[in-house]
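The block underneath contains the structure these notes are about, expressed in structure tokens.
Only the coordinates and a few stated rules stand behind these numbers; no lab work does. All values reported here derive from a predicted model rather than from experimental measurement. Every residue, glycine among them, receives a Cβ derived from its backbone with ideal geometry; neighbour counts consider all protein chains shown.
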Amino acid sequence: MKVLKFGGTSMRNAEAWKNVLNIINNTGAGTVTVVSATSGTTNALLQAAEVARSGKLEDALSITAGIKASHNAILDEFFGNADAPDRKIANDHLNDTIKKLDTYLLGVSTLGELTPKSLDAISSTGEQLSSFLLVECGKKVGMNAVWVDSAEVLKTDSSFGEAKPNFPLVAERAEIIRAHSNEGAFIILGGFYGSDSNGVVTTLGRGGSDYSASIFALASGADVIEIWTDVSGMFTSDPRFIKHAFSIKELSFNEAAELAYFGAKVLHPATIQPAVERNIPVYVKNTFEPNHPGTRIFSDTLAETPVRAIAFKKDITVITIISSRMLLAWGFLSKVFDVFNKHQVSVDLVTTSEVSISMTVDKKARLDKIIDDLENIGTVKIYENQALISLVGKDLLKSKGIAAQAFNSLSKFPIRMISQGSSDNNLSVVVENDDAIEAVQNLHDAFFVNQPTPENV
């Protein structure tokens, strides 16, 4: 059994849907498919929620009317006449879902409050629409397609916005997926959302559709996971910004996880975890170039070079805490990390000296409260508009000259932090936002430009 996942750009319009259905059909009966909302829909839903919270209900309803119209346009391409008899099921689902969405927005507008629970109900609407309607379009073109509501299978806790899967219960509920697959149906589910023990809709957080696919693959006993997106695999760096970046033929799970965590946007950082548990190979492929081999990610791979890729993410914040009480003191680090634990904010990099500790975060929502608590421990300095750059590879600690080559490439840029990862898989630095692209280009030129062109480029 294969589990395929298609992202928002792969689901952007009717032509893309036809392409997706063709790929699913060619993969074979019994395939399980997880889809994101159509491109731009989740952002529109979040905007509608905020607009409703501000009291502008009519403006919010105008946004949902636009979402309805865009999905109707897709149905028009498959069914033709809006009143066609074989379109009724699709029309009813679309109308009912938008009606329910508008009711949520009315409640948000009336109360002037947008809770995480309400936001999950609203933001999951895109996947509920795209997955169900894709099934109806699949039936229209002759496929034995079956919709399974992710809320019935992906059971989670009640941490709205960042729900944690209940893996034993998901495995139990996944029997419905296995049964349909054994019968030769094409199973289609929406990514990103599930439900808690009370049946209330939850979401896994932005980008959670990749994670959903990996969870369903683990639970249903799949042999392969394919992540279909708008690029041909994982690249040596982001090809939108870095010249000469090329697709990587193979990566290990560890390398792919580091790249996803440190800025590569092709994969959600949590995607790899369930795949690792059962050693399920993950392929990253291009929906619009399906014959390209993309990137294969699996347990281990022979690396031709120590550095496999360079990931980066901008707009991070560096927090430095300085205190003479740290010198020769025990418990200081514990106090600092207790603050981040209290506010549920994760830290990317950490460096320490005798009297200071610096760390990077990429969530600003609770930064003010974090700073208030940290000031009880020491003097706090904040550096915003920073960029995190990570060299990712295998056995970097054992490879001679990597650091020298990297820092020679970065010699013209001020460096805020340096961190050799606790594993052998990454070497990271922090520079100013404005320097990030040029710095990454210099690194890429140093490590990749003279390499032979890979077969899969």
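Please state the shape class of the range 174-247: rounded when a/c is under 1.5, otherwise prolate if a/b exceeds b/c and oblate if not, all from the C-alpha gyration tensor.
Since a/c reaches 1.5 but b/c is at least a/b, the shape of the range 174-247 is classed as oblate.
Amide H to amide H under 5 Å from Ala37: which residues, 5+ apart in sequence or cross-chain, H placed 1.01 Å off N in plane?
Glu127
Got a sec? Charge dipole of the range 307-447, +1 on Cβ for Lys and Arg, -1 for Asp and Glu; which of Ile389, Ala309, Thr320 is way out at the positive end?
The residue sitting farthest along the positive end of the dipole is Ala309.
What's the magnitude of the charge dipole for the chain around its Cα centre, counting Lys and Arg as +1 and Asp and Glu as -1 at the beta-carbon? Answer in Debye, nearest 20.
Dipole of the chain, to the nearest 20 debye: 280 debye.
Amide H to amide H under 5 Å from Phe246: which residues, 5+ apart in sequence or cross-chain, H placed 1.01 Å off N in plane?
Thr236, Ser237
For labels at Ser158 and Glu175 in the simple 7 Å Cα→Cβ model, what's the distance in nm?
Placing both labels 7 Å along Cα→Cβ, they lie 2.7 nm apart.
Ordered by residue, what ³J(HN,Hα) values in Hz, to whole numbers, does the range 117-126 give under the Karplus form 6.51 cos²θ - 1.76 cosθ + 1.60, where θ = phi - 60° and Gly and Pro are x?
5, 5, 5, 5, 4, 6, 6, 7, 4, x
If I model a spin label at Asp149 and Arg366 as a point 7 Å from the Cα along the Cα→Cβ vector, what separation in nanometres do I get?
In this crude spin-label approximation the distance works out to 3.2 nm.
If one takes the longest principal axis of the Cα atoms in the chain, at what angle in degrees, from 0 to 90 and to the nearest 10, does the Cα axis of helix 436-447 lie?
It works out to around 80 degrees.
Set the bar at 31 Å for Cα to Cα. Now go through Lys5/Lys381; Lys2/Lys398; Lys2/Lys394; Lys18/Lys100; Lys335/Lys394; Lys313/Lys369 and name every pair that lies beyond it.
The pairs that break the limit, which is 31 Å between Cα atoms, are Lys5/Lys381; Lys2/Lys398; Lys335/Lys394.
What are the ³J(HN,Hα) values, in whole Hz, obtained from phi via the Karplus relation 6.51 cos²θ - 1.76 cosθ + 1.60 with θ = phi - 60°, for each residue of the range 280-287 in sequence order, with x given for Gly and Pro?
These are the phi-based 3J(HN,Hα) values: 8, x, 10, 10, 10, 10, 9, 4 Hz.
Spelling out what I want: for every residue of the range 402-418, take phi, set θ = phi - 60°, compute 6.51 cos²θ - 1.76 cosθ + 1.60 (Karplus), and round to whole Hz; glycine and proline get x.
The phi angles translate into 5, 4, 4, 5, 5, 6, 5, 5, 9, 4, 8, 10, x, 10, 7, 9, 9 Hz.
Taking trypsin sites (Lys or Arg not before Pro) as exposed when DSSP calls them loop (any state but H, G, I, E, B) and at most 10 other Cβ atoms lie within 10 Å, what is the longest stretch of the chain free of them, the sites themselves excluded?
Details: sites that count: Arg240, Lys243, Lys400, Lys412.
The longest uninterrupted stretch comes out as 1-239.
Is the shape of the range 307-447 rounded, prolate or oblate, going by the alpha carbon gyration tensor and its root eigenvalues a ≥ b ≥ c, with a/c under 1.5 for rounded and a/b larger than b/c for prolate?
Prolate shape, in that a/c is at least 1.5 and a/b is the bigger ratio.
Counting only helical runs of four or more DSSP H residues, what would the 222 nm mean residue ellipticity of the chain come to if each run contributes -39,500 (n - 2.57) and the total is spread over all its residues? Numbers along the way, then the final one.
Working: 16 runs with 184 residues, N = 457.
One gets -12500 deg cm²/dmol as the mean residue ellipticity at 222 nm.
Assuming R0 = 22 Å, can you tell me the calculated FRET efficiency for the pair Ala403 and Phe241, based on Cβ-Cβ distance, to the nearest 0.05?
It comes out at approximately 0.40.
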